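Working notes, beginning with the structure itself.
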Amino acid sequence: MRAHSLRHLTAATTCPWLLKRRSSSCVAASLSFTQHPEQEQDQTKPNKTNNNSNDGNSKPSSYFPKRGQELELVCEGLAFKGKGVCKVADTGFVVLCDRALPGEKLIGRITRKKDNYAEATKLTTISPHLDSVDAPCEYASYCGGCKTQNLSYEAQLRAKEQQVHELIIHVGKFSDKDPEFFSIMKSIVPCDIQFHYRNKMEFSFGSKTWLPKESFQEKGDRKENYALGLHAPGFFDKVLNVEKCLLQSEPADMVLAAVQDNWRDPQLGLSPYDVHSHVGYLKHLMLRTGRDVKTGLPELMVNFVTSSYKPELLEPLVEKISSIPEVVSIMNNVNTSVGNTSVGEEEHTLYGKSTITEILRGLTFEISANSFFQTNTHQAEVLYKLIEDCAGLRGDGSEIVLDLFCGTGTIGLTLARRAKHVYGYEMVPQAVSDACRNAKLNGISNATFVQGDLNKISENFGNDFPKPDIVISDPNRPGMHMKLIKFLLKLKAPRIVYVSCNPATCARDLDYLCHGVIEKNIKGCYKLKSLQPVDMFPHTPHIECVCLLELS
């Protein structure tokens, strides 16, 4: 095995964006290329000191565009987070451009300059991208939620799978020359339901409606006040008014339409919260969809987030939306802070019950307004089955499971039926309370959930539970802290199932667990046995991965 420092050097010379220190966000490492099968394009990853060779047609190797400069770009793939990876025409210089898609030729304006690449805004399309489709949503070009709706779903899957492959090679330091590589790397699991799959959506109220330039001109430069919808990409204070969303359930769209039809009525005295003046009442509208345990029919929770507790102001809206049969809960979270969070200091039930239910892997879960729960229930069934298969529990009730970043306990509770005991750790106190409640609801007594920050574990961590046979780790986007990596390498559990929502930090952590960190005198002791990408959220750049590691 090569020394770790040599692996770093190799990665830096072939992928110049890895020259930066690998941080928790792995932003620089995420510029992974995604080729269309029929494209045969140069995959050289250039930097400003090592561009494509100057063959007479190329710009010199020192070429670097200026901010504000307009350039012809060719998009060669998608980077993590969905930005198009483009090259300046006749050079190898890399430009990241939002909403550029593979195969598209376009004009872009440089907005930011980085060490060895630049960022651009797309101005016009010269020739359309490969696998072009018409986006069914009227907001797809402006809303930040579904950046790839106008790319065929098959092409989206190819892009995501290739991103994972590139990150595992360049960040994880796993060689695609290894004969086992392609048996370890599994094909991405598609999502059968590509619209109306989200069980939770959060909309914001705004004092002004944000309009894209073309719509602004169409409306004769008329400014519109009051908006309810989604934030314009990159702006915390600009809201794009949304009448319906194709990602949420149809009953949720009915609620959104009912609120949109009534909340602006001056007689109601409702005002949107202004994030600059900190004046106004309505902050957010959160819609959550679950299922009735007995009938299997959808049930909906509506949560108004307001700056103060004035239930009388909401009464007309409550009356309107409570007439929709699927609505079984209307809540009011009161958030008096100037922040933009939807979690309130107080919670009040305005109509119906305070929780809704959902069924996952045969278990019933109670979901409150602020509970964490897998956002795509249908695909979560697929994801949890993969996790269960990787865990490989014998089913004789003899094995200990350590569930790290357990959230509301959904993964651990689905495994508890085949385990001796599950020990779950989670930082958010409310999530731990939900996990305990869900264990009791399902009659599960062999699960213990503990509140604690896994980024700040002490030398004594591990003394409160027996050595596990299986570790499940499902960290948030920054991945695992080095303290936890060291603990796992010292613990030496026979199997680790790493569940990731960020392939970049996942690849980094797999590198540490398998290869170690030579400069810190940390030795890896695991072998990657399988890595399964899962598409949890079609039309978005998000990718989930389920990885199985075994003690080597």
For the chain: rounded, prolate or oblate by the Cα gyration tensor [a/c cutoff 1.5]: oblate
In Å², nearest 10: area of E550 left accessible to a 1.4 Å probe: 70
Candidates per trypsin sites (Lys or Arg not before Pro) in the range 239-288, loop by DSSP, up to 16 other Cβ within 10 Å: K244, R264
Additional length obtainable on full extension of the chain from D274 to L491, 0.36 nm per residue less Cα span: 73.1 nm
Inter-site label distance for T349 and E312 at 7 Å from Cα along Cβ, in nm: 2.4
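Taking only C-alpha pairs under 8 Å that are 6+ residues apart, what is the relative contact order of the range 453-530 in percent?
28
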Accessible-area value, M201, 1.4 Å probe, nucleic acids and ligands omitted, Å²: 20
Theoretical gain in end-to-end length, I518 to D261 [0.36 nm per residue, Cα-Cα removed]: 86.4 nm
Cα centroid separation, the range 365-431 to the range 342-364 (Å): 19
Directionally averaged shadow of the range 501-543, computed from the convex hull of its alpha-carbon atoms, nm²: 3.4
Accessible-area value, R417, 1.4 Å probe, nucleic acids and ligands omitted, Å²: 130
The chain: relative contact order in percent, alpha carbon pairs under 8 Å with at least 6 residues between: 12
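Using a 1.4 angstrom probe on the protein heavy atoms only, line up F372, F64 by accessible area, largest first.
Most to least solvent-accessible, the answer reads F372, F64.
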By accessible area with a 1.4 Å probe, ligands and nucleic acids excluded, highest first: order of S308, S433: S433, S308
Kirkwood Rh, angstrom, the range 415-523 [1 / mean 1/r, Cα pairs]: 15.2
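In deg cm²/dmol and to the nearest 500, what is the mean residue ellipticity at 222 nm of the chain if only DSSP H runs of at least 4 residues count, each as -39500 (n - 2.57), divided by the residue total?
-6500 deg cm²/dmol
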Relative contact order (%) - the range 325-458, alpha-carbon pairs under 8 angstrom, separation at least six: 17
Portion, in percent, of the accessible area of the chain that falls on carbon or sulfur, probe 1.4 Å: 50
Within-13-Å neighbourhood charge of V334 [Cβ basis; K, R +1; D, E -1]: -1
Kirkwood-based shape ratio for the range 123-274, expressed as Rg/Rh from alpha carbons: 1.09
Violating pairs (Cα-Cα greater than 18 angstrom) within the set K385/K492; K87/K160; K177/K527; K486/K527: K385/K492; K87/K160
Where E202, E544, E345 fall by accessible area, highest first, once all protein chains stay in place (1.4 Å): E345, E202, E544
Peptide ranges 362-371, 346-355, 385-394 listed from the most packed, as the mean C-beta count within 10 angstrom indicates: 362-371, 385-394, 346-355
Residue-normalised accessible area of the chain, expressed per residue, 1.4 Å probe, Å²: 44
Fraction of alpha-carbon pairs over 22 Å apart in the range 332-439 - percent: 39
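The values are calculated or read from the model by the stated rules, or taken from the named source; none is laboratory data. Model, not experiment: these values are computed from the prediction. Cβ: placed from backbone, ideal geometry, glycine included. Neighbour counts: every protein chain shown. Accessible surface is based on the protein model in full, side chains and every heavy atom, while ligands, DNA and RNA are left aside. Shrake-Rupley method; radii C 1.70, N 1.55, O 1.52, S 1.80 Å.
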